[in-house]
């Protein structure tokens, strides 16, 4: 079975955790996931604009993004957990990195409409929309 890296915004941390747990329960041996636990708990409850006001948060983000690039580098397949079509800046970087690596990129949903902040260029990088862990496991086999 192929390995998978999960990318997504920390605003969906709990949903991503549940998705990862489901994959593992279904026998996916290697699931690389974002390490949201390293972050200060006070930051995860705030919007990104507010988090960026903190010097310590700004200092920590580059290392966290770089560490997730390493997870992407090691995986066979990339899965973007973009609930409501939302992708933040860091996840956009991760999509670009996965695409540059030639990875298959599955996504939870299509991109938000451009009127709502979506980027038409990200959507074209998704190989397929895959809504459930069960559907993803079938593609990893």
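The values are calculated or read from the model by the stated rules, or taken from the named source; none is laboratory data. Note that the structure is a prediction, hence the values are computed from the model and not measured. Positions of Cβ are generated from backbone atoms using ideal geometry, with glycine treated the same way; all protein chains shown enter the neighbour counts.
Numbers below:
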| quantity | calculated |
| --- | --- |
| Test: residue in region 94-103 that is under 17 Å from residue 31 (Cβ atoms) and either touching a helix residue (DSSP H, G or I) at 6+ places or on another chain (Cβ under 6 Å) or in a helix (DSSP H, G or I) (or both) | yes |
| Matching residues, region 105-122, being crowded, with 17+ Cβ neighbours inside 10 Å and not in a loop (DSSP other than H, G, I, E, B) | 105, 106, 107, 122 |
| Condition met for residue 66 (modelled with pLDDT under 95 and either touching a strand residue (DSSP E or B) at 6+ places or on another chain (Cβ under 8 Å) or exposed (fewer than 14 other Cβ atoms within 10 Å of the Cβ) (or both)) | yes |
| Of all residues making up region 14-47, the number that are assigned to a helix (DSSP H, G or I) and modelled with pLDDT of 90 or more | 12 |
| Among (1) out of contact with any helix residue (DSSP H, G or I) (no Cβ under 9 Å at 6 or more places or on another chain); (2) under 28 Å from residue 135 (Cβ atoms); (3) modelled with pLDDT under 90, the one test that residue 74 misses | (3) |
| Top-ranked residue of region 72-88 - restricted to ones that are more than 11 Å from the chain's Cα centre (by Cα) and assigned to a helix (DSSP H, G or I), ranked as surrounded by the most Cβ atoms within 10 Å (Cβ to Cβ) | 85 |
